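Below: one structure, written as structure tokens.
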Amino acid sequence: MLSSARFLRVLVVGSLVATACAADADKVVFQFPEYDYKETSKNEITFREFESACDQRCAGFDGIERTRCVRECVSPSCYQEIYKFDELEEGEIDVRLNSFRACFMQRLHRNRG
């Protein structure tokens, strides 16, 4: 026979598992084109140079509009592929930025090579 303490633990664990499963069923997985970004000093410097030039070009915008403008300026084709189908929103954590950087670097090297 189970002791009271052990029985209670099973109930708590059981309800937590059930809650977790129910929460997983309601989740929507956000999918976007993913590229592997290698965070090297050379890649960071190159990306920042483009980003800085575009930031000056997008000086007339504020907030999320400026971020969108800069990203589209840095690489119109990568922006189209990674962001256009679901634009960034104010306050959104940008989980796509590293994929955008990797896309940019890949296309930059392709165009130079």
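The values are calculated or read from the model by the stated rules, or taken from the named source; none is laboratory data. The model shown is predicted, which means the values in this text are computed figures rather than measured ones. Because the Cβ atoms are built from the backbone with ideal geometry, glycine has one as well, and the counts that use them run over all protein chains shown. Ligands, DNA and RNA are stripped out before the accessible areas are found, and what is left, the full protein with its side chains, is counted by its heavy atoms. Shrake-Rupley method; radii C 1.70, N 1.55, O 1.52, S 1.80 Å.
So which of ARG6, ARG48 is at pLDDT below 95 and more than 13 Å from the chain's Cα centre (by Cα)? Lay out the reasoning, then the answer.
Numbers: ARG48 fails: at pLDDT below 95.
None of the others qualify; the one that does is ARG6.
If a residue must be over 20 Å from ASN111 (Cβ atoms) and out of contact with any Asp or Glu (no Cβ under 7 Å at 6 or more places or on another chain), how many such residues does the range 60-82 contain?
Summing the residues that are over 20 Å from ASN111 (Cβ atoms) and out of contact with any Asp or Glu (no Cβ under 7 Å at 6 or more places or on another chain) in the range 60-82 gives 7.
What tally of residues in the range 78-100 results from selecting those that are open to solvent by 40 Å² or more (accessible area, probe 1.4 Å) and under 12 Å from GLU34 (Cβ atoms)?
3
Sort out which residues of the range 45-59 are surrounded by fewer than 12 Cβ atoms within 10 Å (Cβ to Cβ) and closer than 13 Å to MET105 by Cα, and write them in order of number.
Listed by number, the residues that qualify are ILE45, ARG48, GLU49.
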